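The values are calculated or read from the model by the stated rules, or taken from the named source; none is laboratory data. Quick caveat, the model's predicted, so the values are computed rather than measured. Cβ: placed from backbone, ideal geometry, glycine included. Neighbour counts: every protein chain shown.
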Amino acid sequence: MNSSDGNLLEVSDVTAGYNKRRVITGVSMNVKPGEIVGVLGHNGAGKTTLLKCIFRMLSIESGDIVFDGASIAKSSSVKTVASGMSFTPSERPIFRDLTVEQNLELGAHSVRDRQAIKDRMGEVMELFPILGERRTQLAGRFSGGQQRQLSVGMALMVQPKLMMLDEPSLGISPTVVTKTFATIRELAAEKGMSVLIVEQNVKAMTTIADRVYVLRHGEMVLEESGDAARERSEWWHLF
Amino acid sequence: MAYYGQIAINILILLSLSVSLNLLLGYAGRVSMAQSILFGVGAFTAARLVLPKLTDTYNANVSGVGYGMGWPWWAALLGAIVVTFIAALVISLPAVRQVKGEYLILLTLAFQLGGQQVMTVWEAVTGGPFGVAGIPAIKIGSMSFSTVKADSTVRFAILMLIVTVIVIAVCWGIGESPFGRLLKTLREQESVLPSVGKSPIRPELLTFGITAGIAGGIGALFAFSQGAMTPVNFGLDLSILIVSVVVLGGVGNIFGTIVGAIILGGLDPILSNTVGADAIPWRAVIYGGALVVMMMVRPQGLIPEGAFRRFKKGKSTEEMTPAEAMESLSRVSATHEVGSAPALEVYGLKKSFGGLVAVGGASFTIAEGKITALIGPNGAGKTTIFNMITGTFKPDEGTVKLFGEDITGLSVVDIANKGIARSFQDVRICEQMTVLDNVAVAVPKQAGEGLTNLIFRPLKTRKVERATRERALECLALFGISDKANDLVGELSYGDQKLVAIARLLATDADVLLLDEPTSGVDPANVEGVMQGVRRLRDLGRTVCLVEHSVHFVQQLADRAVFLDQGIVLAEGTVDELINQQELADLYFGS
């Protein structure tokens, strides 16, 4: 059941940080079903912290987070996964010493139905053919771009309503960035899945986003449509 | 009477050993499980030094009675102190180099257990499992001090009380001196000391030595008083008991240790009087249980560090305004010939980690008396350059010049003393210390940081300390936080903590100040205050170079900027000049 205003995710006035270190202050944002939303901002602006709050890896000092109609402000990441969220961190998001198949199975850790796991693995390998070709190889031997594809594949194994990606463009070449982002676009359209992406790569993000936010020093300083963001010529003052 | 005398002696010995360990454990934050074996090293050393020489008239073959050097008791006491001091230096060398935290506990534990083995088998010195007997008592005139006879037991208890008071005074004096301030900084933020130009090695080694020297001296007195002893007297259980006393009483507070020693030391006789022989198994249960409960309920100890701070607060100094502080500080500001050379020149700096090139030949200059920002996308090498300038990393190639002088490859301490001080992204302030102490530790050339000055020139030390504190107060006043001087830094807001870190930089007297992300993590409401603080550094004539990710803040703060990407300088100029270049925008935001 979605909340009355039709948002899948609603973050309102959230303040959070680590001990005394305040990282985000009074942040509000939302994601609608099937929408691709980008959060941009300089290094250290609080983008990853925001994702951690939403995924319930970090407790929030004040504010509320509503996902799929229910407040998750006091929930845990185990429960958020069960309720249809996935989170792919920016660094080392895969298990290097396991094969592609094992990685994907771990991605589906919370799924009980063996047949469903098999079907979804097939889907993921269709989506990223390279994973199918190298299904029995160790993930640690893959290139940065391939590891990134695998990590997105792992997130898809739970068939999330909301997929959150932390800097998917980090450490991969520009052509792979374009390809990965195009795949994300397709996925969202096909499955009606919402995607929330945190990025520093403004250009890559604005090519696929329906809407973007900009965080600066822990505060939301901009919200605009993807179209408007693509037209924008000057970003400096937002960073 | 003699019975109570013996109990008092036991408690006083435990107390002295614990108070001296508190210097190491509480002030310097280094846990040692070897206090008991060092106590034993002192005892056996003293015994061998004081026992009579082997002559025809002195028959060493009497079972258990040894022979030695025949020194007078006071010389044997000094000898024991020196030997344990040196033994501790040997133990602590690896600790000072790289063994920290839990590994130090294991290391000292190994010394304790290994030492016990050596004591048991080294019959020539320790007499093996049977130990040594016949150790002569201390004699002053016709009075003897030992636990062999009733009246002399009471006399020794009084002597031990005097010694304990002296030990407490010494440890308190050291702990609460500028030297103690170094130790506390070492405990809380080890990397800060070199960054303000002070080597952490000497104070750490000395503290290991002093703690052990006191244990050795007490060991000698123990040997003289008992007349006989075996290696069993210096087991691991005693080391654990000593650590327990310190932890129970409160680390970093000598008075807590006194309370702890009385409680744990007094438990034993009380139990054996009330429960009798059955008390022995219960003792361990009570000790262990008490520690577990304490750790859960009051981990800081019965009388925690800074428990008396509130009483000291009374003395309020006249508040200084930032303007007055500015005037006062500008007088002591170090000066260079203006315009002779740029404050900082970096030429062809390179650094790789494995195959990854972090900085690939960066060259730029930092103008004197200006605020210069290093900007660029993530991974541009900004912090790595900071680390090379300050000596944390040695550059693979290239040079760093400070006012024309080549400082490439010098140590962190040397570079700081040449006049470059840095702050850290994660503030690295000492939360358990007062705001004033956090800043005072950075003031250069403090007489009280040397032990010889503390002992032999107390007046000079006190005078210098007064000047140091005044200096620290001025630095705090410049940022408008001198009213918080006596608060613990841990109680301040993050914005104020950042200001304390900047005040600490200022207190070093360095000409070039490197700030690593001064505003990150600061509440938006307090950011302006921090930026104001950075500008005041410039107004004082200091050269500031900062890394800051928010271009928005750089625009407001910096006079000049250096744009880096992948470890190479792409452009230098004013911030506005740089952000008008399309190539830089493409690099920053993707194209």
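One table, with the values for the structure above:
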read-out: Selected residue (only one of B:LEU205, B:LEU159, B:LEU221 is crowded, with 22+ Cβ neighbours inside 10 Å and in the same structural domain as B:ASN10 (by TED's automatic domain parsing)); value: B:LEU221
read-out: Residue among A:ASP113, A:ASP119 that is acidic (Asp, Glu), out of contact with any Gly (no Cβ under 6 Å at 6 or more places or on another chain), surrounded by fewer than 23 Cβ atoms within 10 Å (Cβ to Cβ) and modelled with pLDDT under 90; value: A:ASP113
read-out: Single unsatisfied condition, B:THR108 versus (1) modelled with pLDDT of 90 or more; (2) polar (S, T, N, Q); (3) closer than 20 Å to B:PHE222 by Cα; value: (3)
read-out: Given (1) more than 26 Å from B:PHE308 (Cβ to Cβ); (2) touching a residue at least 12 places away in the same chain (Cβ under 8 Å); (3) hydrophobic (A, V, I, L, M, F, W, C), number of the condition B:ALA447 does not satisfy; value: (1)
read-out: The one condition in (1) surrounded by 24 or more Cβ atoms within 10 Å (Cβ to Cβ); (2) under 29 Å from the mean Cα position of the chain (by Cα); (3) within 11 Å of chain A (Cβ to nearest Cβ); (4) closer than 21 Å to B:THR384 by Cα that B:GLU517 fails to fulfil; value: (1)
read-out: Of residues in segment A:188-222 being closer than 29 Å to A:SER83 by Cβ and in contact with a Lys or Arg (Cβ under 7 Å, 6 or more places away or on another chain), the one nearest to the other protein chains (Cβ to nearest Cβ); value: A:GLY218
read-out: Residue list for segment B:334-352, restricted to those being modelled with pLDDT of 90 or more, surrounded by fewer than 16 Cβ atoms within 10 Å (Cβ to Cβ) and under 34 Å from the mean Cα position of the chain (by Cα); value: B:SER352
read-out: Filter result for A:LEU156 (at pLDDT below 85, more than 14 Å from every other protein chain (Cβ to nearest Cβ) and touching a Leu at 6+ places or on another chain (Cβ under 9 Å)); value: no
read-out: Among the residues listed as A:GLY26, A:GLY44, A:GLY38, A:GLY17, the single one being in contact with a His (Cβ under 7 Å, 6 or more places away or on another chain) and within 14 Å of chain B (Cβ to nearest Cβ); value: A:GLY44
read-out: Sole exception among (1) in contact with a helix residue (DSSP H, G or I) (Cβ under 6 Å, 6 or more places away or on another chain); (2) of a type outside the set (Phe, Trp, Tyr); (3) at the interface with chain A (Cβ under 10 Å from one of its Cβ atoms) for B:LEU557, by number; value: (3)
read-out: Subset tally (residues that are in a helix (DSSP H, G or I), closer than 20 Å to B:GLN446 by Cα and of a type outside the set (Gly, Ala, Ser)) for segment B:189-226; value: 10
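One line per residue, one yes/no per condition, for (1) surrounded by 20 or more Cβ atoms within 10 Å (Cβ to Cβ); (2) farther than 19 Å from A:HIS42 by Cα:
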position: B:GLU491; (1), (2): no, yes
position: B:LEU505; (1), (2): yes, yes
position: B:PRO524; (1), (2): no, no
position: B:VAL534; (1), (2): yes, yes
position: B:THR543; (1), (2): yes, yes
position: B:GLN556; (1), (2): no, no
